[in-house]
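Below is one structure, written out as structure tokens; comments come after it.
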Amino acid sequence: MDYDIVIVGGGPGGLTAGLYAARGDMKTLLLEKLLPGGQAATTFWIDNYPGFVEGVSGPQLMMSMKDQATRFGLEIKTDEAVDLEVLDDGFAVVGGEGRYTAHAVIIAAGATVAQLGVPGEEKLRGKGVSYCATCDGAFFRGEELVVIGGGDAAVEEGMFLTKFAKKVTIVHRRDRLRAAKAIQEKAFENEKIEFIWDSVVEEILGDQAVEGVRLKNLKTGETRELPCKGIFIYVGNIPNSQFLKGKVDMDGRGYILTNDEMQTSLKGIFACGDVRKKVLRQVVTACGEGATAAFAAQQFVEEKKGIAYK
Ligand code: NAP
């Protein structure tokens, strides 16, 4: 085996698993398809990660988690896992760049932002259609923006966009937000934010760049066009578990099922963070699960090697 443990995904769950496994003297590799940090690294400000009185920047927190884990010897490679092979004596994670064998695998592959699936979205992606306010917000100084969704991400990122935009309109398909109460209250107080309720996007308008959105009110059936230069879409996430289909048990939406020790239905394969079926998707819960997954994976590896102590 090349490694004791291979971790797939470098968000807060994967990096914490990496910290615990490497610090526990496990030879550990973490595969990350882009840059370490996951979705949290594209979050401008994180207000609810304990220990930071005023909150902390997402990229900064994730960079610190990466540096802390590598200090203990965690190896990080840029590669995307595309398959998992079950071997006689372990597993092989197959990536686009290589094949990595290990006694145990921790899946911390996170989730990807969902698309709306409306006309104009694909054509105008990067030309005013965005899924990342931290990445693209600064391009829209003084402009009018639209945010779609009513969850934590839509409302928090909508607030962040008011740093640049003249006005941000949050369009939600119901008449009540899904976002946490504390987040809602801040948004309702923000003078640059307006809400349009009970409405969905029918089409994103524009030829070379976004010029507006056509909205439909679900209660009245009325449609209207709302001019804007940018549209930020936050309508939920899709778990990055496709490469494990048929190998571990998942729910109908592709979230991986585990027990309390983050053990999946396949012994030796653990999962943590947003890719897991659970009730609370936060950096702090991903970290807790990452620590648990690494602890359980280490026990599994040591028992397998016959070096476990009770
Ligand atoms: P989410 O909680 O699943 O919310 C998705 C929102 O999009 C919902 O309001 C949903 O409406 C709406 N929606 C879904 N499909 C739609 C469609 N086709 N058209 C229009 N609207 C649609 O997703 P999220 O906000 O990305 O958050 C994902 C997870 O990360 C959550 O667990 C969240 O708590 C967590 N998160 C936490 C923080 C934080 O604590 N600071 C920040 C970001 C994310 P309905 O409400 O009608 O279903």
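Of all residues being in contact (Cβ under 8 Å) with a residue 60 or more places away in the chain and not aliphatic (A, V, I, L, M) in the range 29-44, which is surrounded by the most Cβ atoms within 10 Å (Cβ to Cβ)? Just the residue, please. For the range 29-44, the residue satisfying everything is Gly38.
Conditions (1) open to solvent by less than 10 Å² (accessible area, probe 1.4 Å); (2) over 14 Å from Ala40 (Cβ atoms); (3) assigned by TED's automatic domain parsing to the domain that holds Ala81; (4) not basic (Lys, Arg), marked per residue:
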residue	(1), (2), (3), (4)
Gly273	yes, no, yes, yes
Val279	no, yes, yes, yes
Val283	no, no, yes, yes
Ala286	yes, no, yes, yes
Ala293	yes, yes, yes, yes
Gln299	no, yes, yes, yes
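Cβ-Cβ contacts under 6 Å between residues 6 or more apart (or on different chains), taken from a first residue in the range 209-227 that is within 14 Å of Arg173 (Cβ to Cβ) and of a type in the set (Lys, Arg) to a second residue that is open to solvent by less than 70 Å² (accessible area, probe 1.4 Å) and part of a strand (DSSP E or B), are listed as Lys216/Val200; Lys216/Glu202.
Being closer than 23 Å to Cys287 by Cβ, touching a Lys or Arg at 6+ places or on another chain (Cβ under 9 Å) and part of a strand (DSSP E or B): is that true of Ala102 here? So Ala102 fits the description; yes.
Conditions tested, residue by residue: (1) of a type in the set (A, V, I, L, M, F, W, C); (2) over 30 Å from Ala133 (Cα atoms); (3) loosely packed, with under 14 Cβ neighbours inside 10 Å; (4) touching an Asp or Glu at 6+ places or on another chain (Cβ under 8 Å).
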{"residue": "Met63", "(1), (2), (3), (4)": "yes, no, no, no"}
{"residue": "Gln68", "(1), (2), (3), (4)": "no, no, no, no"}
{"residue": "Asp79", "(1), (2), (3), (4)": "no, no, no, yes"}
{"residue": "Gly96", "(1), (2), (3), (4)": "no, no, yes, yes"}
{"residue": "Ala102", "(1), (2), (3), (4)": "yes, yes, no, yes"}
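Can you tell me which residues in the range 138-175 are surrounded by fewer than 24 Cβ atoms within 10 Å (Cβ to Cβ) and away from the ligand (no atom under 15 Å from the Cβ)? Ala138, Phe139, Phe140, Arg141, Gly142, Glu143, Glu144, Thr162, Lys163, Phe164, Lys166, Lys167, listed by residue number. Open to solvent by 20 Å² or more (accessible area, probe 1.4 Å), β-branched (Val, Ile, Thr) and more than 19 Å from the chain's Cα centre (by Cα), is that true of Val53? Spelling it out, Val53 is indeed open to solvent by 20 Å² or more (accessible area, probe 1.4 Å), β-branched (Val, Ile, Thr) and more than 19 Å from the chain's Cα centre (by Cα).
The values are calculated or read from the model by the stated rules, or taken from the named source; none is laboratory data. Nothing here was measured: the structure is a model prediction, and the numbers come from that model. Quick reminder, even Gly has a Cβ in these numbers, built from the backbone with ideal geometry, and neighbours come from all protein chains shown. Quick note on the areas: whole protein, heavy atoms, side chains included, nothing else; ligands and nucleic acids left out. Shrake-Rupley method; radii C 1.70, N 1.55, O 1.52, S 1.80 Å.
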